[in-house]
Amino acid sequence: MAIALSQFNEVRLDRVSREFGSLNALRDVNLTIKRGEFIALLGPSGCGKSTTLNCIAGLLPVTGGSIWLDKNRVDTLKPEERGFGMVFQNYALFPHLNVRQNIGFGLKMRGTAKAEMERKVDEALSLVRLQGQGHKLPGQLSGGQQQRVAIARAIVIEPPLVLMDEPLSNLDAKLRLEMRAEIRRIHNELGATTIYVTHDQDEALSLADRIVVLRDGIVRQVGTPKELYEAPAHLDVADFMGFRNKLKGKVIATDKGRAIVDVEGAKIGGVMREPLSIGAAAYVAIRPDDLFVAESGENALAVIVDTAEYRGREFVGTAHTKGGLELVFRSSHAVEPGTAVQLRAGEENTLVFAEPI
Amino acid sequence: MHAPAAMSASGPSLRQRLAARGFDAVTLLVLPAAIFSLLLFVYPFAFGLILSFEPKSGDWLANYQRFFSDSYLYDTIYKTLALAIPVTLLNLVFAVPVAFRVRLMRRQRLLTTILVLPITLGTVLVAEGLLNYLGPQGWFNRTLLTFGLISQPLRLVHNYWGVFVSLVITGFPFTFLLTLSYVTGIDPALEQAGATLGASAWQRFRHIYLPLLMPGFAITFCLSFVQAFSVFPSAVLLGEPAGLTRVISIAAYQAAFEEYDYSMASAVAMIMGFVQLAIVVAVLASRGLFYRGPASGAKG
Amino acid sequence: MIRDTTLGAKLWAAAVWALVAFFVINLLAMIGTVVTSSFATRWLGTWLPIGWTTRWYASAWSEFQLGDVLIVTFQVVGMVVLISGALGVTAAYALARRDFPGKRLLVLLFLLPLLIPPITFGIPLATVLYRTGLAGTFWGVVAANLVPTVPFVILVMIPFIEQIDPKLEAAARVFGANTFKLFIHVLLPLLLPGILAALLLVLVRTIAMFELTFLVAGPTSQTLVVALYYAVFAAGVRAVQSIDAMAVIYMVTTLVWLIIALRFVNPTQIVTRAKQQPAH
């Protein structure tokens with residue numbers, strides 16, 4: 001039976017590993033989640049984020065390390081003994097049970113008294129705003145409604161931890177935004193500790209209190225959305241956070257955490273995010289928003305414009321340098337393809353990284 | 001095909017009107033097979049039904065009256081049911097846990113290939129093999145004697161058990177492969193969802209798999225039962241065709257090919273078909289009590 | 001997939017595997033008995049025969065006229081494969097591509113011969129064939145065997161054809177293919193794997209189809225499986241080893257085609273008919 005753990009302070013992953021061929025492997029994942037936190041596991045597909053979630057849920061056995069709820073070790077328990085709530089990617093609603101029965105399933109398995117079960121299901125239905133839909137079968141619901149049932153089913157058992165596996169990936173763009181707000185609202189109302197797996201950095205940035213970026217089964221960075229967005233620790237994290245221009249060059253000067261990098265003869269300055277010495281190979285990472293069409297050649301690259309797409313308030317352009325580097329930039333005015341311009345990097349938001357391992 | 005020219009003057013041609021309902025040249029491709037099926041399946045059945053009411057002697061119901069008044073004939077129904085129902089239930093009861101286990105296997109193919117052997121080889125070969133294998137000098141009895149489990153060879157052929165075993169050998173793989181295809185058709189995420197909601201292995205089977213599988217089990221039961229009920233070669237070769245395993249198909253065969261009374265043979269075949277139909281309808285009607293939609297995680 | 005690791009779960013799994021092993025061992029031992037006996041000089045009251053010989057194959061070959069029987073078998077099977085392919089694939093194409101009133105009824109009509117056991121519809125069918133004089137002839141046996149195989153091909157091919165995007169055919173037409181070229185260059189290559197699989201399954205099923213052939217075959221039109229039945233039925237007339245040698249010849253003819261068929265289809269399909277999932 002589910003362990004009674006409504007009063008807990010933290011969930012701790014201690015060097016959790018999972019060997020599985022070479023794919024989906026996890027290596028020494030350490031993570032502490034405080035009660036009430038909303039954590040997003042972010043990374044490209046195959047990075048191990050779903051594996052981590054399934055290990056926490058007990059659907060996959062860990063091959064090393066341990067998982068703790070305060071002083072209780074849970075990785076040795078069967079999934080049904082952990083009492084966590086989980087929202088699946090394709091919802092996994094029981095097709096033969098109606099909405100109420102789906103939501104009440106976990107309570108029924110716990111042997112909850114009928115009256116109390118009915119009351120809790122009613123509460124959950126109103127929390128996800130599905131009053132009056134209780135007697136429909138999942139097949140009769142829209143994608144968004146199915147999503148709401150899946151969430152209600154996971155939270156009605158009042159789990160210490162709610163796990164969500166890319167819950168919005170099956171919805172269209174508009175519904176996704178709507179459900180994102182819903183998930184945030186429900187989290188704010190209940191304060192349930194949540195681990196949310198996604199490959200969409202917008203989702204992670206807008207929902208999470210803290211984001212865990214995974215790559216190849218390794219935790220690359222843990223931080224608040226603001227920390228990750230402004231100060232990614234590695235080049236691959238920066239890539240995920242929208243630094244689309246990654247220019248390879250050589251460090252020619254360093255000073256108080258800043259570095260000047262020679263990129264095809266142009267000198268670009270930026271904030272050093274990893275320790276670098278003069279002469280080392282480095283990458284300069286710049287968001288398209290921080291590349292401006294400019295007159296002067298200072299902190300700038302000479303490029304030929306390839307395309308300029310009109311996007312309403314601004315233009316998004318692509319360009320290439322003499323040496324063949326491709327760049328993406330934004331511009332407030334039209335630029336003709338084929339013209340030679342200078343693209344200046346804003347100094348504050350330009351970051352310098354070491355070569356990725 | 002010459003009509004359209006004449007019809008084109010007055011509104012849409014016949015061809016256009018037929019095409020609008022789905023009849024065009026492509027649809028006509030179904031005709032050869034349909035005519036074939038009518039000639040060689042529907043017509044013989046109808047012919048047999050009518051023939052069964054035209055007995056060699058007596059009034060139109062004489063064949064049926066004879067069948068249901070002669071215990072040598074009507075007993076064949078019980079004898080067939082006494083074989084078919086236990087065998088089908090046994091096969092299904094064994095097939096379900098095995099299918100659930102095999103579902104977890106990564107390399108199922110070797111096992112499914114071995115199991116498909118007896119189906120492919122057919123009942124005649126299985127009967128021939130079992131005659132030797134289960135015989136008093138066969139390896140089966142020898143093994144039991146060697147291990148001291150029995151002191152006398154068991155009599156396993158030329159009786160009820162010989163036919164029973166042959167029906168298990170050909171029927172179990174059939175039942176199992178059908179069951180496996182239903183079991184693997186269920187989204188594993190449903191079981192995972194059940195587990196995270198606190199359902200134990202037994203509860204997951206009871207509350208998730210079983211309700212979703214009931215319709216499939218019902219169909220599996222029907223198909224396996226119908227196969228077992230029509231047992232013929234093994235009942236002759238492995239059983240006592242004049243005694244305990246005189247099944248209904250033997251009665252039909254003897255009427256046709258030993259008494260040359262095709263009218264009576266047709267009547268027996270109709271009764272055989274009717275009993276099969278009655279059991280199938282009863283089982284499928286109870287299927288209405290269960291959920292019958294897609295067995296995946298709702299959204300397709 | 002949730003793998004349980006408690007003791008109870010392990011015991012349960014062990015019990016299930018023991019059951020499977022018991023079944024498979026007995027099945028293989030049964031087949032082994034037939035093969036061993038066919039090579040035995042004398043085999044009575046011992047684990048293994050006293051000596052080994054291949055002479056039973058020669059005697060079975062002449063005693064049962066297996067040369068003639070095999071020729072008839074392959075002629076019947078070849079005809080059944082060709083005709084059921086031609087009738088079945090065309091009908092399946094129409095059923096997969098068009099919706100018309102009565103389609104469900106027609107599909108039910110094609111489903112019935114597969115659901116009703118052959119012995120049930122075989123007796124009235126044999127009666128009709130005897131009345132028309134077809135029974136006992138080569139074509140009577142072919143006709144009877146076609147009754148379940150044509151529907152089988154149809155039901156295997158319908159999902160296979162449905163998964164081929166009709167837009168491909170439209171595209172071929174747009175690029176100037178006429179019906180014949182469309183069939184040769186677009187449809188046939190796309191359908192070939194499905195047709196091959198369906199016909200191989202028909203082949204295996206027809207070699208092993210006992211009841212229908214038994215009910216309508218005459219002395220010159222019986223197939224191997226029917227000859228085997230008569231040999232076993234009249235056991236005592238010939239040496240057991242001779243019958244077993246014939247059974248081995250029958251097994252080999254069936255299994256060769258089964259092995260070829262299994263290169264193209266999943267074993268489960270032999271029972272459940274193709275349930276190909278459209279690729280998402």
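Taking the condition facing chain C (nearest Cβ under 8 Å), surrounded by 22 or more Cβ atoms within 10 Å (Cβ to Cβ), in contact with a Gly (Cβ under 8 Å, 6 or more places away or on another chain) and part of a helix (DSSP H, G or I), does B:L130 pass?
yes
With (1) more than 12 Å from the chain's Cα centre (by Cα); (2) surrounded by fewer than 20 Cβ atoms within 10 Å (Cβ to Cβ); (3) assigned by TED's automatic domain parsing to the domain that holds A:D165; (4) in contact (Cβ under 8 Å) with a residue 40 or more places away in the chain as the list, and A:T194 as the residue in question, which single condition is left unmet?
Unmet condition: (2).
If you take the residues of segment A:241-256 that are in a loop (DSSP other than H, G, I, E, B) and not small (G, A, S), which of them is farthest from A:L205 (Cα to Cα)?
The residue in question is A:K256.
Determine, yes or no, whether A:T350 is crowded, with 16+ Cβ neighbours inside 10 Å and touching an Asp or Glu at 6+ places or on another chain (Cβ under 6 Å).
So A:T350 does not fit the description; no.
Filter segment B:153-181 for residues that are more than 9 Å from every other protein chain (Cβ to nearest Cβ), part of a helix (DSSP H, G or I) and surrounded by fewer than 21 Cβ atoms within 10 Å (Cβ to Cβ) and give the result.
B:Y160, B:W161
Looking at (1) touching a helix residue (DSSP H, G or I) at 6+ places or on another chain (Cβ under 8 Å); (2) closer than 15 Å to A:A354 by Cβ; (3) hydroxyl-bearing (S, T, Y), which is the one condition that is false for A:T254?
The number of the failed condition is (1).
For segment A:96-141: of the residues being of a type in the set (K, R) and away from every other protein chain (no Cβ under 14 Å), which is farthest from B:A199 (Cα to Cα)?
So, considering only residues that are of a type in the set (K, R) and away from every other protein chain (no Cβ under 14 Å), the one farthest from B:A199 (Cα to Cα) is A:R129.
Cβ-Cβ distance below 7 Å, separation of 6 or more or different chains: which pairs start in segment B:217-228 with a residue that is within 9 Å of chain C (Cβ to nearest Cβ) and free of Cβ contacts under 8 Å to residues at least 60 places away in the same chain and end on one that is among the polar types (S, T, N, Q) and surrounded by fewer than 24 Cβ atoms within 10 Å (Cβ to Cβ)?
That search, which allows pairs on different chains as well, returns B:V226/B:Q276.
For segment C:158-190, enumerate the residues that are surrounded by 12 or more Cβ atoms within 10 Å (Cβ to Cβ) and basic (K, R).
C:R173, C:K181, listed by residue number.
Examine segment B:73-80 for a residue that is in contact with a Phe, Trp or Tyr (Cβ under 7 Å, 6 or more places away or on another chain) and free of Cβ contacts under 8 Å to residues at least 40 places away in the same chain, and state whether such a residue exists.
yes
So which residues in segment C:126-169 are of a type in the set (F, W, Y) and within 9 Å of chain B (Cβ to nearest Cβ)?
Residue satisfying the conditions is C:Y130 alone.
So C:V204 clears everything in (1) at pLDDT below 85; (2) closer than 27 Å to B:S230 by Cβ; (3) hydrophobic (A, V, I, L, M, F, W, C) except one condition, right? Which one?
C:V204 satisfies every listed condition except (1).
Residues being hydrophobic (A, V, I, L, M, F, W, C), in contact with a helix residue (DSSP H, G or I) (Cβ under 6 Å, 6 or more places away or on another chain) and within 16 Å of A:L137 (Cα to Cα): count how many of those fall in segment A:78-124.
6
Please determine whether any residue of segment B:283-292 is modelled with pLDDT of 90 or more, out of contact with any Phe, Trp or Tyr (no Cβ under 8 Å at 6 or more places or on another chain) and not in a loop (DSSP other than H, G, I, E, B).
The answer is no, given that none of the residues of segment B:283-292 is modelled with pLDDT of 90 or more, out of contact with any Phe, Trp or Tyr (no Cβ under 8 Å at 6 or more places or on another chain) and not in a loop (DSSP other than H, G, I, E, B).
Give me the pairs, please: first residue somewhere in segment A:261-274 and farther than 20 Å from A:H320 by Cα and in contact (Cβ under 8 Å) with a residue 40 or more places away in the chain, second residue anywhere and buried (at least 21 other Cβ atoms within 10 Å of the Cβ) and among the small types (G, A, S), beta-carbon distance under 6 Å, and either six or more positions apart or on two chains.
Final answer for the pair search is A:M272/A:A259.
Which one of these does C:A235 not meet: (1) facing chain B (nearest Cβ under 10 Å); (2) outside any loop (DSSP other than H, G, I, E, B)?
Tallying (1) facing chain B (nearest Cβ under 10 Å); (2) outside any loop (DSSP other than H, G, I, E, B), C:A235 fails exactly one: (2).
Residues in segment A:323-341: is at least one surrounded by 14 or more Cβ atoms within 10 Å (Cβ to Cβ), at positive phi and more than 30 Å from the chain's Cα centre (by Cα)?
no
Pick out the one residue from C:L19, C:L28, C:L44 that is out of contact with any Asp or Glu (no Cβ under 9 Å at 6 or more places or on another chain), within 10 Å of chain B (Cβ to nearest Cβ) and outside any helix (DSSP H, G or I).
Exactly one residue qualifies, and that residue is C:L44.
Return a yes/no flag: does segment C:210-218 have any residue that is among the hydroxyl-bearing types (S, T, Y) and in a helix (DSSP H, G or I).
Yes, segment C:210-218 contains a residue that is among the hydroxyl-bearing types (S, T, Y) and in a helix (DSSP H, G or I).
For B:L145, work out the one condition from (1) part of a helix (DSSP H, G or I); (2) surrounded by 16 or more Cβ atoms within 10 Å (Cβ to Cβ); (3) more than 7 Å from every other protein chain (Cβ to nearest Cβ); (4) not aromatic (F, W, Y) it doesn't fulfil.
The number of the failed condition is (2).
Could you say which residue among A:S126, A:S142 is over 26 Å from the mean Cα position of the chain (by Cα) and of a type in the set (S, T, Y)?
A:S126
Condition test on C:W43, is it at pLDDT below 90, among the aromatic types (F, W, Y) and surrounded by 19 or more Cβ atoms within 10 Å (Cβ to Cβ)?
Judged against the criteria, C:W43 is a match.
Matching residues to (1) under 23 Å from the mean Cα position of the chain (by Cα); (2) over 28 Å from B:V280 (Cα atoms); (3) surrounded by 24 or more Cβ atoms within 10 Å (Cβ to Cβ):
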| site | (1), (2), (3) |
| --- | --- |
| B:G135 | no, yes, no |
| B:A189 | no, yes, no |
| B:A193 | no, yes, yes |
| B:T196 | no, yes, yes |
| B:V226 | yes, no, no |
| B:L238 | yes, no, yes |
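Please return the ranges of strands (runs of 3 or more DSSP E) entirely within segment A:142-240 where 1 or more residues are of a type in the set (F, W, Y) and modelled with pLDDT of 95 or more.
By residue number, A:193-198.
Quick one: count up the residues across segment A:142-154 that are within 11 Å of chain B (Cβ to nearest Cβ) and closer than 21 Å to A:M86 by Cβ.
9
The values are calculated or read from the model by the stated rules, or taken from the named source; none is laboratory data. All values reported here derive from a predicted model rather than from experimental measurement. Heads up, the Cβs are rebuilt from the backbone with ideal geometry, glycines too, and the neighbour counts pull from every protein chain shown.
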